[in-house]
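Participant: To start, I am sharing the structure in question, which I have written as structure tokens.
Values quoted throughout were computed directly from the atomic coordinates according to the rules given, and no laboratory measurement underlies them. It should be emphasised that the depicted structure is a prediction, and the values quoted were computed from it without experimental measurement. Every residue, glycine as well, gets a Cβ built from its backbone with ideal geometry; the counts of neighbours run over all protein chains shown.
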Amino acid sequence: MKAARGPAPAPAPVAVSPAAGVALCRMRADADAARLAATIAGLAYALLDMRTGKLWACVTAHAVTNGALGIWVALTRQWQFW
């Protein structure tokens, strides 16, 4: 007799949430525009985490964002964004 198979188990809960992104940006950002940009980025990372369930996808996305920001800051000499 075969054992009945149920649905696949749900992925483990993740530590990243939109609230965590908002809280982190409030600690790090000084200006209103920077705070808004950090909030949007944090929400994007949280949504990516919720959709993929893979923390490394968020780490990679954050690294790409930081790299692009670094290039932009270096090219435009707007050091206040770094």
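Participant: Using DSSP to define loop residues, name the trypsin sites (Lys or Arg not before Pro) in region 30-82 whose beta-carbon has at most 15 other beta-carbon atoms within 10 Å.
Facilitator: Those satisfying the criteria are K54, R77.
Participant: Along region 73-79, what does the Karplus equation 6.51 cos²θ - 1.76 cosθ + 1.60 (θ = phi - 60°) give for ³J(HN,Hα), rounded to whole Hz, x for Gly and Pro?
Facilitator: 4, 5, 6, 9, 6, 9, 5
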